[in-house]
Structure formats: C-alpha cells, structure tokens
Amino acid sequence: MRYLVTGGSGLIGSNIVHELVRQGHEVVTTGKRNEQNIPSSVKLIEEDLTTIDWLSLGRFDAIFHQAAITDTLVHDRERMFVVNVQSSKELFSAVVQNGCKHIVYASSTAVYGAEPAPYIEGVTRLKPLNVYGESKKLLDDFAIQFAQEHLDIVIVGLRYCNVFGPGESHKGKMATLIYQLAEQMLAGNARVFEFGEQKRDYIYVKDVVAANLLASCAKKSCIVNCGGGKAISFNEVIRVLNKILGLGKKTEYMKNPYAEQYQSYTECDMTLAKKMIGFVPAWKFENAVKDYFNSGRLVSFEVLKKLSRG
C-alpha cells in the first residue's frame, strides 16, 4: 500500500510513519529531518505545506494529514487559516482527484473551548477559545461538506486531546505537561498552576497511531474524539513522574496568567470512536508514562545517572 503522511517530523506523524514502514508499506511524508530519524526508505518532502504540488505525487491508498500550526498562542489569524485550513482543502481535493478514497486528518478538542467536559461529538457545543481552535473547527466544517460532496470517499477527523509520547522533545513550550514536568523535576521542584487540580485527558501516541490506522479503514465518514477517556489531574501527573523517575520532588503552585483562555478540565467521551472506527484506548496513563520513560525519550538514562550521582 502507498500512503502519504503530512507532518512526518512531528510527534504523531513520525510515529505513524515508523509504524507504516514497519508494516512494509511505501510512505511519502512532509516535514524536516530532525531527531525523529525518518527512515531512508521514506520519501521526504522538505517544502512548505502551502507550496507543495500535491497532484504531482501520484495516487495514495490513504493519507494521514497531521501537519498544522499547533501553537495555541499564535494570533496571526491569516497565517493560521492559510496553513491549517486552505492548504488542507487543496490537499484533500488533489489526492481525491488522483484516486485516493481514504482521508484521515488531525482535528482537536480545542474546538470545544471552555465548554463543560466530557466532550460528546454532536452534543457539546463548538466554541473555540483561540485562533488555533477556530482553524480546526473550520477544517471540520469543510471536511463534513467535502464528504457530502464526495460520497465515494471516507474522511475521518480525529479530535486529539493532549497527545504525549516519544517524539515531542522538539516542540519546546508546546510539548505536553508530562514532558515539561519531567524536565523541571530533574532540575528542581515541579511547578504548576494553583492548585494542581486542573485535569487533562491524556492519550499516548501509540494509541493515536492505532486510531489513525483504524480510521483509514472506516466505512463511513465521521469526526470523533481521540483521547484517553479519563481526565488526569496535574497533581496525579507529578505523583506518577515522581514514582517512575525515582524522585521525591515537591510541588510549587503559581498563578495562572492565561486563566480566561484556559481549559481547566478536558475529557473525551470515546463512545462514538468505538462505534465508528472501532477505537478503544489501550494504554492506561501510568503504564504509558512508564513505556515513554523506557523508550529513553522522556528522560535520558544518562541524565538520571548524573542526577543520582549528584
């Protein structure tokens, strides 16, 4: 099979690329060479997403569209919409013109904004708090319309909720709280917003890869949540990290400067995802963090050795 993965140097894209290669498929991806070590067998297009000639790439059995501006603090509405919405429209149109019948794309629970959790597709209102969330809502709207106009294809949007795992170190301030807290706790105490009872629905990247592969075989177009299905408090994240990293760090609490635009509680209802694409999250939170640590990409073993000696 021949697949296109956009954003192959990102957290989710890189993990999808590696899994498809492991399964023996031909893969084309977009992005930049970095620490993700894109396999040499993969054709890498190091070009801006908005300038790629998608038609020239030929036919794909399915595409996994992960590339986007994901920084929720970006306020350049025009740039966000060009990259996240307009380029997606052009991509979908081109691959379908070339005969592709299956499209899977990255949406986000940011479309729900500050609406009460748990989020239920078709029930919870879509009220994004930022330009990023707005761009994903517009993409969802387009995908629904596109599917209605192309009844011979299946398009699935996955509303990601706090994806973590190997491959996020390059994201800097956009890396998950799990990765950022692990770094903090190696140098000092953990610092989170008062009083650590904010909750997030975290999903391990291996589960997200599984969801994408299932979505590429879906029978009907849909947009479904892609989360772990259970909210975890910041305090619980710190407890788990202390346990797995063998630390005993205390927690320091600070004021939240983003209080008015902050999602204090996210949680996905995963009923529809199970019904439509057969996806049920397999990784429990603590087991996922342990697996992440064992990969050597949450915290390097060398750093922990130095810490224990220090």
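Miscellaneous remarks
- Across the chain, the volume of the C-alpha convex hull divided among the residues equals 126 Å³ per residue.
- Mean projected area (nm²) of the alpha-carbon convex hull when the range 145-190 is viewed from all directions: 4.9
- Per-residue extension of 0.36 nm, minus the Cα-Cα distance of residue 189 and residue 89, leaves a gain of 31.5 nm for this segment.
- Measuring between their Cα centroids, the range 125-158 and the range 229-249 lie 34 Å from each other.
- Centroid-to-centroid separation of the range 92-109 and the range 26-59 [C-alpha atoms, Å]: 16
- Close amide H contacts of residue 69 (hydrogens built in the peptide plane, cut-off under 5 Å, sequence separation of 5 or more or a different chain): 84.
- Within the shell defined by Cβ-Cβ distances under 12 Å, the residues around residue 185 carry a net charge of +3, with Lys and Arg each +1 and Asp and Glu each -1.
- If you take all other residues with their beta carbon under 11 Å from the beta carbon of residue 10, and give Lys and Arg +1 and Asp and Glu -1, the sum is +1.
- Split the chain at each of the GluC sites (Glu not before Pro) in a DSSP loop with at most 14 other beta carbon atoms within 10 Å, and the longest piece is 48-193.
- Loop-located trypsin sites (Lys or Arg not before Pro) across the range 110-185 with a Cβ neighbour count of 13 or fewer within 10 Å are 125, with loop assigned by DSSP.
- Taking the DSSP beta bridges with both ends in the chain, the antiparallel portion is around 10 percent.
- For residue 118, net neighbour charge (Lys/Arg +1, Asp/Glu -1) across residues whose Cβ lies under 13 Å away: -1
- Amide H to amide H, with H built 1.01 Å from N, residue 193 comes under 5 Å of 254, counting only residues 5 or more places away or on other chains.
- For the range 41-77, the list of trypsin sites (Lys or Arg not before Pro) that fall in a loop by DSSP and count at most 14 other C-beta atoms within 10 angstrom reads 59.
- Counting every C-alpha pair in the range 130-219, the share spaced more than 22 angstrom apart comes to 47%.
- For the range 151-218, the set of chymotrypsin sites (Phe, Trp or Tyr not before Pro) satisfying both a DSSP loop assignment and a count of at most 16 other C-beta atoms within 10 Å is given as 195.
- Coarse-grained scattering of the range 194-247 at q = 0.15 Å⁻¹, given as base-10 log I(q)/I(0) from a Debye sum over alpha-carbon atoms: -0.59
- Coordinate range along principal axes, alpha carbons of the range 17-158, Å, largest first: 45, 37, 29
- Kirkwood-type radius of the range 1-84, with distances r between different C-alpha atoms, in Å: 13.3
- For the range 142-299, convex hull volume per residue from C-alpha positions, Å³: 123
The numbers here are math on the coordinates, done by the rules we state, and not lab data. Since we're looking at a predicted model, the values are computed, not measured. A quick note on method: Cβ atoms are made from the backbone with ideal geometry, for glycine too, and the neighbour counts reach across all protein chains shown.
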